[in-house]
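Undergrad: First the structure, then my questions, so here it is.
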Amino acid sequence: MKHYMPTRLITGSDSISQSAALLSALGERCLVVTGKSSAKKCGALDDVTAALDAQGVAWTVYDGVCQNPTVDSCAEGGAAAREFGADFLVGVGGGSPLDATKAISVLAANPGLSEADLYAGRWPNGPKPYVLVGTTAGTGSEVTAISVLTGADGRKRGLKSERLYAALSFGDAKYTMTLPRAFTLSTGVDALSHCIESYFSRKADALTRAFAARGARLLVPALAEAADAEDAADLSPALRARLYDASILGGLAINTTGTTVPHNVGYYLTEQYHVAHGTACGVFQPALLAHMKRAVPETAAAFYAETCTDEDALLTVLRRALPPLDIRMTEEELAGQMPRWENSPQVANALGDFTPAQIREMLTELFVK
Ligand code: NAP
Ligand code: FE
């Protein structure tokens, strides 16, 4: 198994201001990439721009990244980077702005690159260097060479390349304090989904399982506590730190193993029914866990032992953290979607041969009424 994660990750409180000098080493002009408003609200944007100012780096902000970023919006960000003459980028936000920053860094250096060439890694020029500042505790994008983008056909697909690592990532859980309850739970369930899918991936080994099991071990009680709170403002900095650490552990795990069936099928729920990413993946974890218990019982037993939890506790946490979904699918709709699961490497990456027919059964049970 190949392990490669060359990003310098700096964690802890006030890490940006303490390491500002590392930013000026990347260049003199910087495009800061964010979503609509949360980067400002959580304080991360102000910390980044103060650090850039302190280092004499000129900057401008591109704030056009939406949830589930499109390739088109990344091309727009690439044009903004060129127009400003940016030497490097800083992405601030949840997985959407972080993943968009990765693609923008490629598109900034390769004007006119087609979507097909972007996904295929056919980039004549290497990406601009970039820095990532996470503000959700979910995707682990800070430490992955993965960018999940929505293409012109409306489909979400992952882009993976060894050239997609951040030069530098900052992980300061204080930025997640402003995350509302619903996103705290859905992003936490995304992190838990990464840990579960990675543990039961064909590419898992002792190292990735150590990351995945440790992440799940932190997440099960932390998500239970978060689900108990009526208001996210009641969540303590210590709990936020545990959720954030676990999201990085999940990122380190999937960076090597990739994700499996729930992520692949979850993309469909997000595309078609606009379900938040973590929820869309989390809703399929019970079916994945049931399959693993049948197909690879020893691995399933090791998973519960290493994560210090049991099936009941895990299923209870998922049930409490996931919102009810009012989705109705038809048999015809499912039949039409089958080809996307028939040759999917992400589906084939699950242990124990999770078949497309099982995916259809899983969706029927959940959503065909
Ligand atoms: P997100 O889409 O980045 O953000 C969700 C919402 O939370 C947005 O409304 C955002 O506001 C808001 N928000 C973010 N941080 C906040 C904060 N600190 N305080 C208040 N609000 C905040 O959510 P995400 O779950 O982190 O990312 C999901 C994306 O990542 C999906 O596209 C998914 O496919 C991808 N993903 C990537 C990887 C990977 O390895 N690269 C892994 C899993 C998932 P703004 O719009 O104002 O920013
Ligand atoms: Fe995910």
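Undergrad: May I ask you to list the residues in the stretch 4-18 that are modelled with pLDDT of 95 or more, surrounded by fewer than 16 Cβ atoms within 10 Å (Cβ to Cβ) and in a loop (DSSP other than H, G, I, E, B)?
TA: 4, 5, 6
Undergrad: Moving on. For the stretch 86-100, indicate whether the set of residues that are modelled with pLDDT of 95 or more, in contact with an Asp or Glu (Cβ under 7 Å, 6 or more places away or on another chain) and away from ligand 2 (no atom under 16 Å from the Cβ) is non-empty.
TA: yes
Undergrad: Just the residues that are within 18 Å of residue 153 (Cβ to Cβ) and part of a helix (DSSP H, G or I), please, taken from the stretch 246-279.
TA: Once the filter is applied, which keeps residues that are within 18 Å of residue 153 (Cβ to Cβ) and part of a helix (DSSP H, G or I), the stretch 246-279 yields 264, 265, 266, 267, 268, 269, 270, 271, 272, 273.
Undergrad: Assigned to a helix (DSSP H, G or I) and either in contact (Cβ under 8 Å) with a residue 12 or more places away in the chain or open to solvent by less than 50 Å² (accessible area, probe 1.4 Å) (or both): does that describe residue 222?
TA: Spelling it out, residue 222 is indeed assigned to a helix (DSSP H, G or I) and either in contact (Cβ under 8 Å) with a residue 12 or more places away in the chain or open to solvent by less than 50 Å² (accessible area, probe 1.4 Å) (or both).
Undergrad: Let me ask something else. Being outside any helix (DSSP H, G or I), closer than 30 Å to residue 327 by Cβ, touching an Asp or Glu at 6+ places or on another chain (Cβ under 6 Å) and in contact (Cβ under 8 Å) with a residue 40 or more places away in the chain, is that true of even one residue in the stretch 230-238?
TA: Among the residues of the stretch 230-238, not one is outside any helix (DSSP H, G or I), closer than 30 Å to residue 327 by Cβ, touching an Asp or Glu at 6+ places or on another chain (Cβ under 6 Å) and in contact (Cβ under 8 Å) with a residue 40 or more places away in the chain, which makes the answer no.
Undergrad: Hey, another quick one. List every residue pair whose Cβ atoms lie under 8 Å apart, where the two residues are 6 or more positions apart in sequence or sit on different chains, the first residue falls within the stretch 135-163 and is over 12 Å from residue 256 (Cα atoms) and within 14 Å of ligand 2 (Cβ to nearest atom), and the second residue, located anywhere, is open to solvent by less than 10 Å² (accessible area, probe 1.4 Å) and among the acidic types (Asp, Glu).
TA: Note: pairs meeting the criteria are 138/190; 139/190.
Undergrad: Now for a different question. Please work out which one of (1) in contact with a Pro (Cβ under 6 Å, 6 or more places away or on another chain); (2) over 23 Å from residue 138 (Cβ atoms) is the condition residue 30 fails and give its number.
TA: Condition (1) is where residue 30 drops out.
Undergrad: Name the residue that is farthest from residue 157 (Cα to Cα), counting only residues in the stretch 358-369 that are at pLDDT 95 or above and open to solvent by 60 Å² or more (accessible area, probe 1.4 Å).
TA: Only one residue tops the list, namely 365.
Undergrad: If you don't mind, there's one more thing I want to ask. Search the stretch 283-315 for residues being part of a loop (DSSP other than H, G, I, E, B) and polar (S, T, N, Q), and hand back the single one that is surrounded by the most Cβ atoms within 10 Å (Cβ to Cβ).
TA: 307
Undergrad: Can you work out which of the residues in the stretch 343-357 that are in a loop (DSSP other than H, G, I, E, B) and surrounded by fewer than 13 Cβ atoms within 10 Å (Cβ to Cβ) is modelled with the lowest pLDDT?
TA: Looking at residues that are in a loop (DSSP other than H, G, I, E, B) and surrounded by fewer than 13 Cβ atoms within 10 Å (Cβ to Cβ), I get 343.
Undergrad: Within the stretch 259-282, take every residue that is touching a Leu at 6+ places or on another chain (Cβ under 9 Å) and polar (S, T, N, Q) and give me the one that is surrounded by the fewest Cβ atoms within 10 Å (Cβ to Cβ).
TA: 279
Undergrad: Right, another one. May I ask you to verify whether residue 65 is within 16 Å of ligand 1 (Cβ to nearest atom), among the aliphatic types (A, V, I, L, M) and out of contact with any helix residue (DSSP H, G or I) (no Cβ under 6 Å at 6 or more places or on another chain)?
TA: no
Undergrad: OK, next. Looking at 112, 78, 85, which one is surrounded by fewer than 20 Cβ atoms within 10 Å (Cβ to Cβ) and within 18 Å of residue 28 (Cα to Cα)?
TA: 85
Undergrad: So residue 191 fits all but one of (1) open to solvent by less than 10 Å² (accessible area, probe 1.4 Å); (2) touching a strand residue (DSSP E or B) at 6+ places or on another chain (Cβ under 9 Å); what number is the exception?
TA: Failed condition: (2).
Undergrad: Just for strands (runs of 3 or more DSSP E) wholly inside the stretch 76-172: which have at least 3 residues that are within 30 Å of residue 184 (Cβ to Cβ), more than 8 Å from ligand 1 (Cβ to nearest atom) and touching a helix residue (DSSP H, G or I) at 6+ places or on another chain (Cβ under 8 Å)?
TA: By residue number, 88-93, 130-134, 168-171.
Undergrad: Considering only the stretch 40-75, how many residues are within 29 Å of residue 280 (Cβ to Cβ), without any contact (Cβ under 8 Å) to a residue 40 or more places away in the chain, in a loop (DSSP other than H, G, I, E, B) and open to solvent by less than 40 Å² (accessible area, probe 1.4 Å)?
TA: Qualifying residue count, the stretch 40-75: 2.
Undergrad: Would you point out the residue of the stretch 23-39, among those that are assigned to a loop (DSSP other than H, G, I, E, B) and farther than 13 Å from residue 86 by Cα, that is farthest from the chain's Cα centre (by Cα)?
TA: Filtering first and then ranking leaves 25.
Undergrad: Taking residue 129 as the residue in question, decide whether it is open to solvent by 40 Å² or more (accessible area, probe 1.4 Å) and either closer than 30 Å to residue 176 by Cα or within 16 Å of ligand 2 (Cβ to nearest atom) (or both).
TA: Taking the combined requirement at face value, the residue satisfies it.
The values are calculated or read from the model by the stated rules, or taken from the named source; none is laboratory data. None of the values given here were measured: they were computed from a predicted structure. All Cβ positions, even for glycine, are placed from backbone atoms using ideal geometry, and neighbour counts span all protein chains on display. Side chains are part of the model used for accessible areas, which takes the heavy atoms of the whole protein and leaves out ligands, DNA and RNA. Shrake-Rupley method; radii C 1.70, N 1.55, O 1.52, S 1.80 Å.
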